[in-house]
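Taking it in order: structure first as structure tokens, then the write-up.
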Amino acid sequence: MSRRLTDEEIERQLADLTLWTREGDAIVADIEAPDFPAAIRIVAEAAEVAEEMNHHPDIDIRWRRTHWLLTTHDAGGLTQLDIEQAHRITEIARREGVTVGE
Ligand SMILES: C[C@H](O)[C@H](O)[C@H]1CNC2=NC(N)=NC(=O)C2=N1
């Protein structure tokens, strides 16, 4: 799982990740929750996923807006772990009332 992905693999998989965009060796997302407690619940649930995966996002929390950055430090770039975690964070956000495109 920790092999760096090619540009083509990244682009192909980002097509299914509506909240996320590429930023160099990372993918980023801005998630606006209905309110501050919901934003914190998203962060807390994502923290459980991060521990389970041993893969941890950078998270900036400002009121109900959170900014997420995923990259694989050990690989010095994007791996399938980042893609998998982006999907899981997206589902957590959807469950907490965030509108996520199809
Ligand atoms: C020692 C520990 O397993 C590693 O440092 C893990 C922890 N969480 C991590 N998170 C991220 N985003 N990238 C990593 O390479 C990484 N490595």
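Give the residues of the range 62-77 that are farther than 27 Å from residue 40 by Cβ and part of a loop (DSSP other than H, G, I, E, B), sorted by residue number. Give the derivation first.
So the first thing to find is which residues in the range 62-77 are farther than 27 Å from residue 40 by Cβ, and the list is 74-77.
Listed by number, the list holds a single entry, 76.
Mind telling me which of the residues 26, 46, 50 ends up being within 21 Å of residue 76 (Cα to Cα), surrounded by 14 or more Cβ atoms within 10 Å (Cβ to Cβ) and in contact with a Pro (Cβ under 9 Å, 6 or more places away or on another chain)? Steps first, please.
On the way: 26 fails: in contact with a Pro (Cβ under 9 Å, 6 or more places away or on another chain); 46 fails: within 21 Å of residue 76 (Cα to Cα).
Answer to the check: 50.
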Of all residues in the range 29-43, count the ones that are surrounded by 12 or more Cβ atoms within 10 Å (Cβ to Cβ) and either within 11 Å of the chain's Cα centre (by Cα) or in a helix (DSSP H, G or I) (or both). 10
Which of the residues spanning the range 62-102 are open to solvent by 20 Å² or more (accessible area, probe 1.4 Å), hydrophobic (A, V, I, L, M, F, W, C) and out of contact with any strand residue (DSSP E or B) (no Cβ under 8 Å at 6 or more places or on another chain)? 63, 75
Positions within the range 54-102 being farther than 14 Å from residue 19 by Cα and of a type in the set (Phe, Trp, Tyr), in sequence order: 63
Failed criterion for residue 2 (all others in (1) polar (S, T, N, Q); (2) at pLDDT 95 or above; (3) within 15 Å of the ligand (Cβ to nearest atom) hold): (2)
Inside the range 1-38, can you point out the residues that are farther than 18 Å from residue 58 by Cβ and among the charged types (D, E, K, R)? 3, 4, 7, 8, 9, 11, 12, 16, 35
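The values are calculated or read from the model by the stated rules, or taken from the named source; none is laboratory data. Predicted model only: the values in this text are computed from it and were never measured. With ideal geometry, Cβ positions are generated from the backbone for all residues, glycine too; neighbour counts draw on all protein chains shown. These accessible areas exclude ligands, DNA and RNA; they are computed on the full protein's heavy atoms, side chains included. Shrake-Rupley method; radii C 1.70, N 1.55, O 1.52, S 1.80 Å.
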